[in-house]
Amino acid sequence: MSPRTVVLHADDVGMCHGANSAFLALARAGRIDCGSVMVPCPWFPEIAEAAAADPSLDLGVHLTLTSEWPRYRWGPISTRSRASGLLDPDGYLWRDVPSMRRALVLEAAEAEMEAQLGRALAAGMDVTHLDTHMGAALVPELLDITLRLARRHRLPVLLPSDFGSYLGVLRMGEVDPGPYAIAAEALAAEGMPCFQRFLMTPGASSGEAEVAYDALLSSAGNGLTFLALHPNAPGDIEAIVADHPHARSEWRTNEYRLLTAGTLDASIGRHGLQRAGMRELRNAWRTGP
């Protein structure tokens, strides 16, 4: 693998039809490397069926313990019990990570994550990795549980050694980065391919998007960089994110447009980067010494 490698990753696959359409088109055109599915979401069955029919699709599980949009919600798949701590007053997963943490019941959260991975596997998906929606499955209380799940199934988990690059874009509440550095070192010692840094969709307006993505890719230094993207075909995303204080549909549809046009590939070449997918990393761990 090149000493400067970036993984172009589609988060939120399965959240809606537009996310699925975008991922499938981009993956089949070679414009994106991999993605991860949100198992509790309404459009998971569509992407699971596509993945079972096309084993070349590189998809992991986007462990989902929150449901953030104003009017488009989902709940846990393992329970409907209020005692689980997983449900907000409206009966859905909590809207934000700090609220989830205040209600957290460790056993219930572990059961939910196990159920999400289990449903993806049962649907015939060749799950390649684990990551987490809004950082929820990597809060300090759940770190060991998520790492146990990754180790048991020999699935690489997104845990960058520069954990500040991850914390900087999330709203997880108070977090001590020390245990994360220790965990990343331990996983690397076990042979799991580890990311050095995390980058994410820059959230630029249409006129500034191309420059913003080029600048983002120019910041990918030595080692392995995880670029969390959120491409979405136009259609349903405009209604889903409407009135959300921290999201605009154009960020996702612009990203889909730029990826389709090869704009990110051009930046990757310009900055001397190589690309890789998560299946390649998973297989290297499973077959390594």
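The values are calculated or read from the model by the stated rules, or taken from the named source; none is laboratory data. Here the structure is a predicted model, which means the values were calculated and not measured. Methodologically, a virtual Cβ is constructed for each residue, glycine included, from the backbone with ideal geometry; neighbour enumeration extends over all protein chains shown. Each accessible area value is taken on the protein alone, full model and side chains, heavy atoms only, with ligands, DNA and RNA left out. Shrake-Rupley method; radii C 1.70, N 1.55, O 1.52, S 1.80 Å.
Taking 7 Å steps out from each Cα toward its Cβ at ALA181 and GLU107 produces label points 3.6 nm apart. Per residue, the chain exposes an accessible area of 39 Å² to a 1.4 Å probe, with every protein chain left in place. For the stretch 194-283, how big is the tail of P(r) above 19 Å, as a whole percent of Cα pairs? So the portion of pairs separated by more than 19 Å is 43 percent. Of the solvent-accessible surface of the stretch 93-163, computed with a 1.4 Å probe and all protein chains present, 53% belongs to carbon and sulfur.
Positive contributions from Lys and Arg (+1) and negative ones from Asp and Glu (-1), summed over other residues with Cβ under 12 Å from the Cβ of PHE163, come out at -2. Near ALA150, once Lys and Arg are set to +1 and Asp and Glu to -1 for all other residues with Cβ below 14 Å from its Cβ, the sum equals +1. If you sort TRP74, TRP94 by accessible surface, 1.4 Å probe, largest first, the order is TRP94, TRP74.
Derived from the Cα gyration tensor, the three semi-axes of the equivalent ellipsoid of the stretch 175-217 are 32, 13, 6 Å, largest first. Each Lys and Arg Cβ is given +1 and each Asp and Glu Cβ -1; about its Cα centre, the chain then shows a dipole of about 360 debye.
Here Rg/Rh (Cα atoms, Kirkwood Rh) was computed from the coordinates, and among [x] 0.96; [y] 0.93; [z] 2.05 the match is [y].
Which one of PRO42, PRO245, PRO98 has the biggest mean-square fluctuation once the chain is modelled by GNM with Cα springs under 10 Å? Between PRO42, PRO245, PRO98, it is PRO245 that shows the largest mean-square fluctuation.
Would you mind telling me the share, in percent, of accessible area of the stretch 198-289 contributed by carbon and sulfur at probe 1.4 angstrom? Looking at the stretch 198-289 in its full context, I get 53 percent from C and S.
Rounded to the nearest whole angstrom, the semi-axes of the ellipsoid equivalent to the stretch 55-132, taken from the Cα gyration tensor as √(5λ), stand at 24, 14, 11, largest first. Using θ = phi - 60° in the Karplus curve 6.51 cos²θ - 1.76 cosθ + 1.60, the 3J(HN,Hα) couplings for the stretch 195-211 round to 7, 7, 8, 10, 10, 9, 2, x, x, 9, 5, 4, x, 10, 5, 4, 5 Hz; x is entered for Gly and Pro. Taking 18 Å as the cut-off, the amide N atoms of the stretch 50-81 that come nearer than this to a point 7 Å along the Cα-to-beta-carbon line of ILE145 belong to 61-67, 75-81. Stretching the chain fully between ALA266 and ALA52 yields a gain of 73.9 nm (0.36 nm per residue, less the alpha carbon separation). Between SER99 and ALA188, the C-beta separation translates, for a Förster distance of 45 Å, into a calculated FRET efficiency of about 0.85. Taking every protein chain into account, the 1.4 Å probe leaves ASP176 with about 100 Å² of accessible area, to the nearest ten.
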